[in-house]
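The values are calculated or read from the model by the stated rules, or taken from the named source; none is laboratory data. Model, not experiment: these values are computed from the prediction. A quick note on method: Cβ atoms are made from the backbone with ideal geometry, for glycine too, and the neighbour counts reach across all protein chains shown. Surface areas here come from the heavy atoms of the whole protein model, side chains and all, with no ligands, DNA or RNA. Shrake-Rupley method; radii C 1.70, N 1.55, O 1.52, S 1.80 Å.
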Amino acid sequence: MAAAGMGALPCGAFASECSGLRRPDAAPTQQQQLMGKARPSLRVGAATIRMAVSVGKKPYVTQKSEEIFTAAKELMPGGVSSPVRAFKSVGGQPIVFDRVKGSHAWDVDGNEYIDYVGTWGPAIIGHADDEVNAALVEALKKGTSFGAPCVWENILAELVIAAVPSIEMVRFVNSGTEACMGMLRLARAYTGREKMIKFEGCYHGHADPFLVKAGSGVATLGLPDSPGVPKSATSATLTASYNDLQAVTELFEQYKGEIAAVVLEPVVGNSGFIVPNLEFLKGLRELTQAEGALLIFDEVMTGFRIAYGGAQEYFGITPDLTTLGKIIGGGLPVGAYGGRKEIMQLVAPAGPMYQAGTLSGNPLAMTAGICTLRRLQKPGTYSYLDQITKNLTNGLLQAAKDAGHKVCGGHIGGMFGFFFTEGPVNNFDDAKRSDTAKFARFHRGMLERGVYFAPSQYEAGFTSLAHTYEDVDFTIAAAKEVFKSI
């Protein structure tokens, strides 16, 4: 149902479309699969920026980045606002960005990069998209935050509910961490139980209950857990190895009637790119239903990225609750959790489970999210993302093997990753066999040639609609040079 009284809507008229939203293809059609390396015609117009220089054409200088970062270390812990940005696991000088556009980024020294971090996932249609920016300018004229209901919340909620199979009602928050905090409290309130099962190497934000064998920056920095987290905060957190259904079964047997939920990244992106075994996901769904526990997909990273309806659409497994973030804010701070209406109606003020936020549902994040999701509805979107990411991943893996390196990796949609190990990698223990020192040399070599990958072996990579086949060709050419040199 379309929201009433919408007035002027961001990214074009919207009211007439909300009740009949088109869902894009979640995977290439048979015809598109048969195309092999044929290049789909989808492009992003003005948002596409082509790399005009050849590999290694000009000297790589980072003097200004070094000066700014040196000053930053006296102002902020480690010189950054989030740990992985400090390049601790790859070494060398962290890059200070100046601007981004399309698939490219420029640092303060004027170096240009093809960017495969995409602000850690949100930039799925490309950085600084013209349509999104224009809508934000109009929204800014009305104010940056209301602290009151706004119609844009209704519109984005309708989009999310129409897209994600498990979500019948949604609550907007301001980050993925906040979304995971809310969903855990809700799961405990609904089941009347306290214990939670999470998986080693999966990251669900920096709230105390989740900082047990976590991924992302915790894995990057080699931290076993975090000081300052009391035992009481993690005493109800149980852990198992990813893709190990038997371990989960044994935990349910050991803690009969005590487990509120099983929470996981349905595709791991925070200890590198790790794909689930489909039988593992099916088994979790059956097991939680049999034990009266909730199954929770943390789709902050995979939501709207590997398919329009996220991993649950891609794999055909519907959880009870879902967390979202990144893409649904179009590059602005946002998070959300949602699920079956009977569960969500426990959230205040509809129910007794309290959660609130000053900036939740702010008009800027809602506007950017609406514009981004509408763009993702266009036909061919996910076929293009899948094809360009496939070409990139296959090209990198082949270049590495041709140079004599042991590597493994893969992709789904616009998300990818590879490890410097022969593999296979099915869990965090497997991922830790990677040659992280070699990855560090690879990362630095690619930076010097104008390609920006995540500064950690334990982070997934991301493509966007703004990435071109020329970007991919340039990246593979650079990688061939680097693989030969390391």
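Note on Ser235: accessible area is roughly 80 Å² with a 1.4 Å probe, heavy atoms of protein only. Under 1.5 on a/c is rounded, so check that first for the stretch 273-343, then, if it is not, pick prolate when a/b is larger than b/c and oblate when it is not; a ≥ b ≥ c are the square roots of the alpha carbon gyration tensor eigenvalues. Judged from the Cα gyration tensor, the stretch 273-343 comes out oblate (a/c at least 1.5, b/c at or above a/b). Heavy-atom accessible surface of Phe304, to the nearest 10 Å², is about 0 Å², with a 1.4 Å probe and all protein chains retained. With all protein chains in place and ligands, DNA and RNA left out, the 1.4 Å accessible area ranks Ser232, Ser89 as Ser232, Ser89, largest first. Summing Lys and Arg as +1 and Asp and Glu as -1 over all other residues whose Cβ lies under 11 Å from the Cβ of Gln63 gives a net charge of -3. Within the stretch 226-324, the trypsin sites (Lys or Arg not before Pro) that combine a DSSP coil assignment with at most 13 other C-beta atoms in a 10 angstrom radius are Lys256. Taking 27 Å as the cut-off for C-alpha to C-alpha distance, list the pairs among Lys390/Lys484; Lys88/Lys326; Lys141/Lys326; Lys73/Lys484 that go past it. With Cα atoms farther than 27 Å apart: Lys73/Lys484.
Averaged over residues, the count of other Cβ atoms within 10 Å places the peptides 289-297, 448-456, 397-405 in the sequence 448-456, 289-297, 397-405, highest first. In this structure, the residue pairs whose Cα-Cα separation is over 28 Å, taken from Lys213/Lys480; Lys58/Lys101; Lys101/Lys401; Lys64/Lys432, are Lys213/Lys480; Lys101/Lys401; Lys64/Lys432. Partners of Lys256 within straight-line reach, counting aspartates and glutamates whose Cα lies under 16 Å from its Cα and excluding those fewer than 8 residues away in the same chain: Glu194, Glu286, Glu291.
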